[in-house]
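Participant: Submitted below is the structure of interest, expressed as structure tokens.
Read the figures in this text as sums done on the coordinates, not as results from a lab. In this text, all values refer to a predicted model and were calculated from it rather than measured experimentally. We place every Cβ from the backbone using ideal geometry, glycine too, and count neighbours over all the protein chains shown.
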Amino acid sequence: MTRTLVLGGARSGKSAYAERLAADSGKEVVYIATATAGDSEMAARIAHHRTSRPAEWTTVEEPLALGNQLLRWSSPDRLIMVDCLTLWLSNLLFSGGQEYPEVGEITLPALFHEQQDMLASALTKCASDVVLVSNEVGLGIMPMGAVSRCFMDEQGRLNQSVAAICDRAVFVAAGLPLVLKG
């Protein structure tokens, strides 16, 4: 079993790289998609991704309970690909339906940390090879709003914790992979 974290910025080629890893594995692929269609543009993106995946791959759409799905589909003859941790983190951040202040301390929903703990546990128990895609959001300027800064901080923490569990970490920029670990 191998665990690979694929990081990169928007349109860096990280998903395409992860999909090549999955296709080249020779294993049955279960693709866990975390996106939700909050507007028509995102719905079009999701539809495009659905049609571009190989027909033989199993697609599971899971916006919140990612760890549960990893364990549900766990099998030594499978590779599970998760695309992506960034959208999953956004889903968790806004799972309580609350409004966040522009300034001041952000109180995260209870589900936020529960699901992150479940993911970490599932990654250590999963019998499948796993490829996880995530955005590296901390390379730009400091965001102005409190919720944006909170998201950037939590994304950085999530990437660090997942990278610590993974055997490999790869950063993709301009479609080019740079191996960071493994």
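Participant: What do you get for the angle between helix 110-125 and the principal long axis of the chain? Use alpha-carbon atoms, 0 to 90 degrees, nearest ten.
Facilitator: 20
Participant: Now for a separate question. Assigning unit charges at the beta carbon (Lys, Arg +1; Asp, Glu -1) and nothing else, what dipole magnitude in debye, to the nearest 20, does the chain show about its Cα centre? Please list the in-between numbers first.
Facilitator: Working: 15 positive and 20 negative charges, 109 e Å.
It works out to roughly 520 debye.
Participant: Rounded to the nearest 10 degrees, what's the angle between the helix 40-52 long axis and the longest principal axis of the chain, both from Cα atoms, 0 to 90?
Facilitator: Helix 40-52 and the main axis of the chain meet at about 10 degrees.
Participant: Per residue of the chain, what 222 nm ellipticity follows from adding -39500 (n - 2.57) for every DSSP H run with n ≥ 4, rounded to the nearest 500?
Facilitator: Values: 6 runs with 76 residues, N = 182.
That calculation yields -13000 deg cm²/dmol at 222 nm.
Participant: Where Rh denotes the Kirkwood radius from the mean inverse Cα pair distance, what is Rg over Rh for segment 1-179?
Facilitator: Working: Rg = 15.9 Å, Rh = 16.7 Å.
Expressed as Rg/Rh, it is 0.95.
Participant: Still on this structure, I have one more. Please compute, for the alpha-carbon atoms of segment 125-175, the extent along each of the three principal axes and give them in descending order in Å.
Facilitator: 41, 28, 13
Participant: Taking a virtual spin label 7 Å from the Cα of Arg45 along the C-beta vector, which residues in segment 6-31 bring their backbone nitrogen under 11 Å of it?
Facilitator: Flagged as within label range: 10-11.
Participant: Moving on. For the chain, set up a Gaussian network in which alpha carbons nearer than 10 Å are linked by springs, and say which option among Glu61, Glu154, Glu41 fluctuates the most.
Facilitator: Glu41
Participant: Next up: Testing the spin-label approximation: label points 7 Å from Cα along Cα→Cβ at Glu105 and Leu176. State their distance in nm.
Facilitator: So the label points at Glu105 and Leu176 sit 4.5 nm apart.
Participant: Still on this model: Between Ala164 and Met1, 0.36 nm times their residue separation minus their Cα-Cα distance comes to what? Please list the in-between numbers first.
Facilitator: On the way: separation 163, 0.36 × 163 = 58.68 nm, distance 1.54 nm.
Taking Ala164 through Met1 to full extension adds about 57.1 nm, to one decimal.
Participant: Where a Cα-Cα gap under 19 Å defines reach, which lysines qualify for Lys125, not counting those fewer than 8 residues away within the same chain?
Facilitator: Lys27
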